Amino acid sequence: MSAVSTPSHPRAAAPDAPARRDAEATKAAILKAARSLLARHAHADITLKAVAERAGVSPPLILKYFGNKDTLFARVMSFDTDADDLLDAPLADLGRHMVRHVLASQRERGADPLLRIAFAPLHGDHGETLRANFRAQVTDRLAGRLTGPDAGLRAELAVAGLLGLGVMYGIARGPHLRETDIDAIADRYGPVVQEQLTPGT
């Protein structure tokens, strides 16, 4: 009589993988919710309860992953990841890419990450942190890619054009903008931004 073999389980640790994925998805949802609220409200007016409700989690879960509100918003106040996406194009095509990125963020996510800077408080540490991060991670980084004179000024003018577009689209909700195809807007407005990036080309 042959012995009955016991099935082996070489992937005993596999159940941990879905848990890790769930944890990362939850963290991403919390950050997205906090980022979205910060694009519309002052930091001081946002509660962990509001973030939790928007993310579909409990407030204690936010504390588990981020410790406290200040730690959470220190992460939210970074523009690094957003700048990676915003600037992810060759310089010759960057104006159109940035315009399209701003509009697609509004249409697909309901918020443009750049617009967080428009809601930075005028006074206090949090506002200064947001402004300093924005300068270092967005405008200064863009300026570093530009050639020719006045790179810093041209970078700020280009970003100003994007912020104005984001405000008109997402805050003022201009009906003509919102009814127009994103690529059509990028074709018309991209050259306006590109003129600051590669003037005279």
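Before moving on, here are some points about what is shown:
- Each residue of region 155-161 is assigned a 3J(HN,Hα), and the resulting list reads 5, 5, 5, 4, 5, 4, x Hz, derived from the Karplus form 6.51 cos²θ - 1.76 cosθ + 1.60 (θ = phi - 60°), x at Gly and Pro.
- Taken as Cα centroids, region 33-83 and region 136-201 sit 27 Å apart, rounded to the nearest whole angstrom.
- Ranked packing of 74-80, 84-90, 167-173, most packed first, by mean Cβ within 10 Å: 74-80, 167-173, 84-90
- Rg and Dmax, both from the Cα atoms of region 31-105 and both in Å, are 15.1, 47.
- Given +1 at the Cβ of Lys and Arg, -1 at the Cβ of Asp and Glu and no other charges, the dipole of the chain around its Cα centre is 580 debye to the nearest 20.
- Maximal additional length on extending the ARG131-ALA42 stretch stands at 30.7 nm, based on 0.36 nm per residue less the C-alpha distance.
- Globularity ratio of the chain, using Cα Rg and 2.2 N^0.38 Å: 1.31
- Fully extended contour minus Cα-Cα distance, from ALA92 to ASP22, at 0.36 nm per residue: 21.3 nm
- Solvent exposure of region 55-201, expressed per residue, is 51 Å² of accessible area, with all protein chains present and a 1.4 angstrom probe.
- For the chain, the carbon plus sulfur part of the accessible surface works out to 55%, probe radius 1.4 Å.
- Value of Rg to Rh for region 140-201 (Rh from inverse mean 1/r over Cα pairs, i.e. Kirkwood): 1.04
- Packing here is the average count of other Cβ atoms within 10 Å per residue, and on that basis the peptides 27-34, 63-70, highest first, run 27-34, 63-70.
- Extension reserve of the TYR65-ARG188 stretch, reckoned as 0.36 nm per residue once the Cα distance is removed: 40.0 nm
The values are calculated or read from the model by the stated rules, or taken from the named source; none is laboratory data. Just so you know, these numbers come straight off a predicted model, no measurement behind them. For neighbour counting, all protein chains shown are included, and Cβ atoms are generated from backbone atoms with ideal geometry for every residue, glycine included. SASA here: full protein model, heavy atoms, side chains in, ligands and nucleic acids out. Shrake-Rupley method; radii C 1.70, N 1.55, O 1.52, S 1.80 Å.
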